[in-house]
Amino acid sequence: KLNDTLKAEGYARAYSGATIDGASVSYRVVRVANFPIWWWYRWGSYPTSTEMEITSGVTQTDALGKFNISFQAVPDLSVDRSSDPVFDYTIYADVTDINGETHSSTTTVSVGYKSLRIGVPVSNINRDQITPSGKEFTINSTNLAGEFEAARGIIKIYELKSPAKAFRNRMWEQADRALYTREQYYQLFPYDPYEDEGNKYKWARGTEVFVLNFDTEQKKNFTLENLNTWNPGEYVLEATAIDKSGQEVKELSYFTLYAPSSKTIPFVQVHYFQGVQLTAEPGEKATFVSGTADKKI
């Protein structure tokens, strides 16, 4: 846990496998902060946390070639706890033997306010390629070291509400104050976003199309059997679970459901592009889908 004293154990051995005792070990521990991907989805940036050296020093290997490095898992208190930071403590060790030869190694320990990671890897889905048996997905639940940890939770998938019209890329910085209402602004600048309408990560959630209670100790995958009946468009998958300390852990995955056979594109956009088969051998066909929601292009 954060603020605990952690101990890392290292070994120094010759290429022959023999232990190297009495060697000098110079070490330092450096902390950096990482944040969940939904921060980038939502705000287009991450909170700032300056890299910091937690400790440094010199020790020696014992008769078995071992050495220990202890440090306190000090968090960056300037980072809001609600941003779900995970602090990576990288330990750098340089071992110098009696002949003056030095070799280096590193390892990283991850510690956060929460002890669980949860998620469902999902990418854009071609509806035309869905078989009657559906499409299978994997539920990942691990501790912060990436090792499997059983978890119970719930998965929900929502269709997102896209804007009613397409916008061009923003031509100037978004203002911090508005002099016009949204309707007035659209009359003056019909092709320009009023706020951040083109950012699908900020679109409102619409219909809930799927819900599943899961337990990765019993089963680590699930199947979406009715995907071929869903509307093409943008979707968000939300996986939620509880870690050992009773804290909620959440992960979001955004994906597009598209259908090359459809007469319309999945959501309103000036220029839509989706690769279908972009890797091909000589003589084979490569395929992509391109389209627009505008009428005079």
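Selection of the stretch 16-25 for residues being within 25 Å of THR90 (Cβ to Cβ) and not β-branched (Val, Ile, Thr) yields ALA23, SER24. So for the stretch 30-37 (the condition being hydrophobic (A, V, I, L, M, F, W, C), closer than 17 Å to ALA93 by Cα, in a strand (DSSP E or B) and touching a residue at least 60 places away in the same chain (Cβ under 8 Å)), does at least one residue qualify? There is at least one residue in the stretch 30-37 that is hydrophobic (A, V, I, L, M, F, W, C), closer than 17 Å to ALA93 by Cα, in a strand (DSSP E or B) and touching a residue at least 60 places away in the same chain (Cβ under 8 Å). For the stretch 115-139, a residue qualifies if it is part of a loop (DSSP other than H, G, I, E, B), in contact with a strand residue (DSSP E or B) (Cβ under 6 Å, 6 or more places away or on another chain) and open to solvent by less than 50 Å² (accessible area, probe 1.4 Å), and the qualifying residues are LEU116, VAL120, VAL122, GLY134, ILE139. Residues that are at pLDDT below 90 and touching a Lys or Arg at 6+ places or on another chain (Cβ under 9 Å) within the stretch 73-97 comprise just one, ASP84. For the stretch 222-235, the criterion of a residue being over 30 Å from ALA151 (Cα atoms), open to solvent by 40 Å² or more (accessible area, probe 1.4 Å) and within 24 Å of the chain's Cα centre (by Cα) is satisfied by no position. Candidates TYR46, TYR27, TYR41: the one that is over 30 Å from VAL122 (Cα atoms) and either among the hydroxyl-bearing types (Ser, Thr, Tyr) or free of Cβ contacts under 8 Å to residues at least 12 places away in the same chain (or both) is TYR27.
Residues in the stretch 254-274 that are part of a strand (DSSP E or B) and open to solvent by less than 20 Å² (accessible area, probe 1.4 Å): PHE255, THR256, LEU257, TYR258, TYR272. In the condition set (1) in contact with an Asp or Glu (Cβ under 6 Å, 6 or more places away or on another chain); (2) modelled with pLDDT under 90, TYR15 is compliant with all but (1). Contact map, the stretch 201-216: residues that are farther than 14 Å from TYR254 by Cβ paired with residues that are assigned to a strand (DSSP E or B) and open to solvent by 80 Å² or more (accessible area, probe 1.4 Å), Cβ distance under 6 Å, separation 6+ or inter-chain. Pairs shown: ASP215/ARG152. Among residues that are among the small types (Gly, Ala, Ser), in contact (Cβ under 8 Å) with a residue 24 or more places away in the chain and farther than 29 Å from VAL32 by Cα, ALA145 is not included.
Residue selection: ALA175 fails the criterion of being open to solvent by 50 Å² or more (accessible area, probe 1.4 Å), under 28 Å from PRO266 (Cα atoms) and more than 28 Å from the chain's Cα centre (by Cα).
When LEU64, LEU77 are checked against the criterion of being over 20 Å from SER105 (Cα atoms), open to solvent by 40 Å² or more (accessible area, probe 1.4 Å) and not in a strand (DSSP E or B), LEU77 stands alone in meeting it. With respect to (1) at pLDDT below 90; (2) touching a helix residue (DSSP H, G or I) at 6+ places or on another chain (Cβ under 8 Å), the lone exception for TYR180 is condition (1).
Every residue, every condition in (1) in contact with a strand residue (DSSP E or B) (Cβ under 8 Å, 6 or more places away or on another chain); (2) of a type in the set (A, V, I, L, M), yes or no:
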| site | (1), (2) |
| --- | --- |
| ASP215 | yes, no |
| ASN228 | no, no |
| LEU237 | yes, yes |
| ALA241 | yes, yes |
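Taking the criterion of being open to solvent by 40 Å² or more (accessible area, probe 1.4 Å) and not in a strand (DSSP E or B), the residues of the stretch 48-60 that qualify are THR48, THR50, GLU51.
The values are calculated or read from the model by the stated rules, or taken from the named source; none is laboratory data. This structure is a prediction, so every number in the text was calculated from the model and none was measured. So basically every Cβ, Gly included, is an ideal-geometry build from the backbone, and we count neighbours across all protein chains shown. Remember, those area values only see protein heavy atoms, side chains included, never the ligands or the DNA or RNA. Shrake-Rupley method; radii C 1.70, N 1.55, O 1.52, S 1.80 Å.
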